[in-house]
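Single-structure report; data block below.
Coordinate-derived values only; no laboratory data. Computed from a predicted model, the values in this text were never measured in an experiment. Quick reminder, even Gly has a Cβ in these numbers, built from the backbone with ideal geometry, and neighbours come from all protein chains shown.
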Amino acid sequence: LAARFAQEIAAAADLAALDAVRVAALGKSGEVTQLLKSLGTMDAETRTAEAPRIHGLREAVSEAIAAKKAALENAELERRLATERLDLSLPSIEAPRGSIHPVSQVMDELAEIFADLGFSVAEGPEIEDDWHNFTALNIPETHPARAMQDTFYMDERGADGAPKVLRTHTSPVQIRTMQSSPPPIRVIAPGRVYRSDSDATHTPMFHQIEGLVIDRKITLGHLKWTLETFLKAFFERDDVVLRMRPSYFPFTEPSAEVDVGWSMEKGRRVVGGNEGWMEVLGSGMVHPKVIANCGLDPDEWQGFAFGTGVDRLAMLKYGMDDLRAFFDGDLRWMKHYGFRF
Ligand code: PHE
């Protein structure tokens, strides 16, 4: 019997055949199992003689099966190693990768530029109450900025009892910052803002970045230097020229709109030089009433603020002509402008 099983085990060509031999020998009704069971029916003398032989047979068969199993598995591994070889020199399939949206990228650039100037980043809610978005900023009830066509109103009312709004600018973050952190203050506040307006240069949602500096001896000179330094760094040109035009915002006094000079290069308008002007931001010295509205003493604290459109800055820097393309999600457009890394 031992010889027969040894021969059958040796002949097993694969794991399935080997398992069939195992069942025939050691399975519930296998031949070796039967022999083991028969020990119980033997008289003591015969059992003493037979037991070592039968147990020995069981040992030998299961050892032979284990050895053959290892050999078969090894052979299978060898076969796979030989046939399933990876060719590491083959070019790989290009996996599509995501990229940072141009607007996010420009906001990151701006945050970096201002971080170098000592500004930190402040935030406020996009659903804002009337007081922060308008009243605290000295925008009277009758101001046209409150008119229905510009502002998106919510059903929900704020603590001030007036309907909440989708913030129409990032200026309410000025208020929140002055209320929550003691001066001196140097912050920028990038974020989404909303106005009911849509054409090639306006989208109902767009991005602004607000700047606010509050300290004891801040002048218009600091504002001009800060804007000049920031615009030169952003457009990566030393020949960026600024023009400050007197203007009006309820929350700054005096107020100035700031233009940058452009010139023609290779048939394209680029920022730099002064062949013409285009407006890039609104700014001014924070109105004493606004400072007082935030619980600070305007005789002690003063400062400047500015606000600019991030999408517009991106258009100018990268020579894009339709603001709406920013929000179409067209990957060909992203690739064209090189926003891919
Ligand atoms: N909030 C103004 C706007 O949206 C911009 C601005 C900010 C002007 C700060 C002056 C000071 O147009």
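Descriptive notes on the structure:
- Rounded to 10°, Cα long-axis angle of helix 15-26 versus longest principal axis of the chain: 50 degrees
- Put a dot 7 Å past the Cα of MET278, heading toward its Cβ, do the same for LYS224, and the two dots end up 2.4 nm apart.
- Peptides 304-313, 36-45, 3-12, 169-178 ranked from most to least packed give 169-178, 304-313, 3-12, 36-45, packing being the mean of other C-beta atoms within 10 angstrom over each peptide's residues.
- Charge dipole of region 209-341 (Cα centre as origin; +1 on each Lys and Arg Cβ, -1 on each Asp and Glu Cβ, all else neutral): 440 debye, rounded to the nearest 20.
- Relative to the longest principal axis of the Cα atoms of the chain, helix 102-116 runs at roughly 70 degrees.
- Interchain or long-range residues, amide H under 5 Å from HIS169's placed H: TYR194
- Projecting the Cα atoms of LEU242, THR308, ASN74 onto the dipole axis of the chain, where Lys and Arg carry +1 and Asp and Glu carry -1 at the beta carbon, places ASN74 farthest toward the positive end.
- Net charge dipole, the chain: roughly 780 debye, given to the nearest 20, about the Cα centre with Cβ charges of +1 for Lys and Arg and -1 for Asp and Glu.
- Overall shape: prolate for the chain, with the ratio a/c of the largest to smallest alpha carbon gyration tensor axis at 1.5 or above and a/b above b/c.
- Peptides 71-79, 274-282 ordered by average Cβ neighbours within 10 Å, highest first: 274-282, 71-79
- 5 angstrom amide H check on LEU281, placed H, neighbours 5+ away: VAL258
- Highest-fluctuation residue, GLY329, GLY56, GLY191 considered, GNM on the chain with Cα pairs under 10 Å: GLY56
- For the chain, modelled as a GNM whose springs connect Cα atoms under 10 angstrom apart, the maximal fluctuation among HIS207, HIS132, HIS55 occurs at HIS55.
- Intensity falloff of region 128-273 expressed as log10 I(q)/I(0), Debye formula with alpha-carbon point scatterers, at q = 0.10, 0.12, 0.14, 0.22 Å⁻¹: -0.44, -0.63, -0.84, -1.48
- Charge dipole of region 1-146 about the Cα centre (unit charges at C-beta), most positive-ward option of ALA115, ILE54, ALA64: ILE54
- Centre-to-centre, using Cα atoms only, region 251-276 and region 119-145 are separated by 27 Å.
- Dipole of the chain computed with +1 at Lys/Arg Cβ and -1 at Asp/Glu Cβ about the Cα centre; of ILE100, ALA44, TYR318, farthest Cα towards the positive end is ALA44.
- About the Cα centre, charge dipole magnitude for region 10-102 (Lys/Arg +1, Asp/Glu -1 at Cβ), debye: 140 debye
- The chain: angle of helix 2-11 to the longest principal axis, Cα-based, in degrees nearest 10: 40 degrees
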